[in-house]
Structure formats: structure tokens, C-alpha cells
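Student: Below you will find the structure I want to go over with you.
The values are calculated or read from the model by the stated rules, or taken from the named source; none is laboratory data. All values derive from a computational prediction rather than experimental measurement. Don't worry about glycine lacking a Cβ; one is built from the backbone with ideal geometry, like all the others, and counts go over all protein chains shown. Accessible surface is based on the protein model in full, side chains and every heavy atom, while ligands, DNA and RNA are left aside. Shrake-Rupley method; radii C 1.70, N 1.55, O 1.52, S 1.80 Å.
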Amino acid sequence: MIVENGITYRVEIATDLNTLNPSQTQVKMNNNERILNNVCDVAYSATDPNQAIELSVESLGKQFDSDRMYIFEDNPDGTSSNTYEWCRKGITPEIHNLQNVSASTMHVWNKHFEKGENIIIYDLEEYKPIDPEMYDTLKPQNIHSLVVGPLTLGNQRFGFYGVDNPPHDAIGNITTMYTLLGKFLASLVRDRDRAKKLRQLSYNDALRSEE
């Protein structure tokens, strides 16, 4: 279930059964359902919206068997910053190195995100001639494959999320759920911002009362 603008939606995933044999179909559907149920469970068990995002990112990173799972949010100056990150044990965190990433570095990805498209890179070396500047950002992080997608609420895009180095045979399954998961994570970020705004309003009201 996802709540958007006060309306509760039930989300379903459809799979083209003609592309899979019966055993593959059942495994894929069961795996998708398990991932979605698990991330919802951990998010709704959180004590506050910020923790819900952190737990969701961790849950998805582990379930996708990836090296990293992360969220980037857009800044008013056009740059993008890594605001949440989970890393597999033994993987170096990159969140502190990925603040205020320039608009020029994000140029190619942003063109895809504006169309609501996900980006799938199976082999970073093959991606180099397509987007050399992004390649130079990703290579030092020891990334060889990734899937990233936009975070959008309504018609407004405010960031993206991604997973680094998932198993190649799992990338197709990950992309099946990516749009839905993007909406889910976007709603968690929106709830965080609403809670922050309410705290600020409450604080300001308290100051006025003291005056």
C-alpha cells in the first residue's frame, strides 16, 4: 500500500508470462513479492521518517545482494548530494565524497530521469564512451554495474536512487520493480520533509507564544 495525497493505493506488479517458463515465472513473482513485503515491513516498523528511509535503503541493498544502495537528492543550485547510503561489509562508503555533484556530471542521467527512465549499466567499461564524465565519477568507486532511477512525486523530480554491483542475473528482476520502489522511497522522503516542516512550525509557534 502507498499513500499519495491522502489517497491509499494498492500496487500490483504484472509480469509478461510469455517471456518466462512456468518455473521462472513463479520464482520471479515470489522474489518480487518477498522484496516488496520486506521493505514495507522495515519501513513501517521505524520510529520516525528518517529511520524509515535508512532501514529501507539497507533492506533493499541486502535483498538485491549489492555492494551499495543509496539516495541522492537535488540541491537548489542544480547539484546533487548523496543523502543516504548503505554499504555491504568491506565496501568503502562514498557518501562523503558525493556531495554537491555538479550538474554537468549529471547531465546525461538527468535527461533520462526527466523522461521517467531508469538507467541500467551492465558493464561500466562499455558505458565509458556514452558518458565519459559519469564514468570518471563511478570508476574510482569500484563500480562495474548499476541500476539507478528517478525519485518523483507527482510531476516533480527531486533526486534518484540506485544500487551498485548487483549480480548480473538479478539486474533484470531489479528493474521490474524499480519504478514502484522509486515511488515508495519518494513517499518516504516526502513524509520526512513533512515531519521536519511540522517540527519547524511547532517550534516557531512556541517562540511566538513566549513573546
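Student: When you go through (1) crowded, with 16+ Cβ neighbours inside 10 Å; (2) out of contact with any Asp or Glu (no Cβ under 8 Å at 6 or more places or on another chain); (3) within 21 Å of LEU185 (Cα to Cα); (4) among the charged types (D, E, K, R) one by one for ASP131, which number turns out not to apply?
Tutor: (3)
Student: While we're on this one: Give me the residue from the range 148-182 that is among the charged types (D, E, K, R) and surrounded by fewer than 18 Cβ atoms within 10 Å (Cβ to Cβ) and, out of that set, farthest from the chain's Cα centre (by Cα).
Tutor: ASP169
Student: Right, next: If a residue has to be open to solvent by less than 50 Å² (accessible area, probe 1.4 Å) and assigned to a loop (DSSP other than H, G, I, E, B) to count, how many in the range 74-84 make the cut?
Tutor: 3
Student: Same structure, new question: Among the residues of the range 55-73, how many are farther than 20 Å from PRO167 by Cα and surrounded by fewer than 19 Cβ atoms within 10 Å (Cβ to Cβ)?
Tutor: Qualifying residue count for the region: 1.
Student: Sticking with this one: Residues of the range 85-107 being closer than 25 Å to PRO167 by Cβ and surrounded by 13 or more Cβ atoms within 10 Å (Cβ to Cβ), which ones?
Tutor: Residues satisfying the conditions are GLU85, TRP86, CYS87, ARG88, ILE91, PRO93, GLU94, ILE95, LEU98.
Student: Report yes if ILE120 is in contact with a strand residue (DSSP E or B) (Cβ under 6 Å, 6 or more places away or on another chain), open to solvent by 40 Å² or more (accessible area, probe 1.4 Å) and of a type outside the set (Lys, Arg), otherwise no.
Tutor: Yes.
Student: Anything in the range 71-99 that is in contact with a helix residue (DSSP H, G or I) (Cβ under 7 Å, 6 or more places away or on another chain) and in contact (Cβ under 8 Å) with a residue 60 or more places away in the chain? List them, or say none.
Tutor: Within the range 71-99, ILE71 is the sole residue that qualifies.
Student: How many residues are open to solvent by less than 70 Å² (accessible area, probe 1.4 Å) and either more than 22 Å from LYS89 (Cβ to Cβ) or in a strand (DSSP E or B) (or both) if we restrict to the range 33-45?
Tutor: 3
Student: So, one more: Check off (1) open to solvent by less than 80 Å² (accessible area, probe 1.4 Å); (2) modelled with pLDDT under 95 for PRO22 and give me the number that stays unchecked.
Tutor: Every listed condition holds for PRO22 apart from (1).
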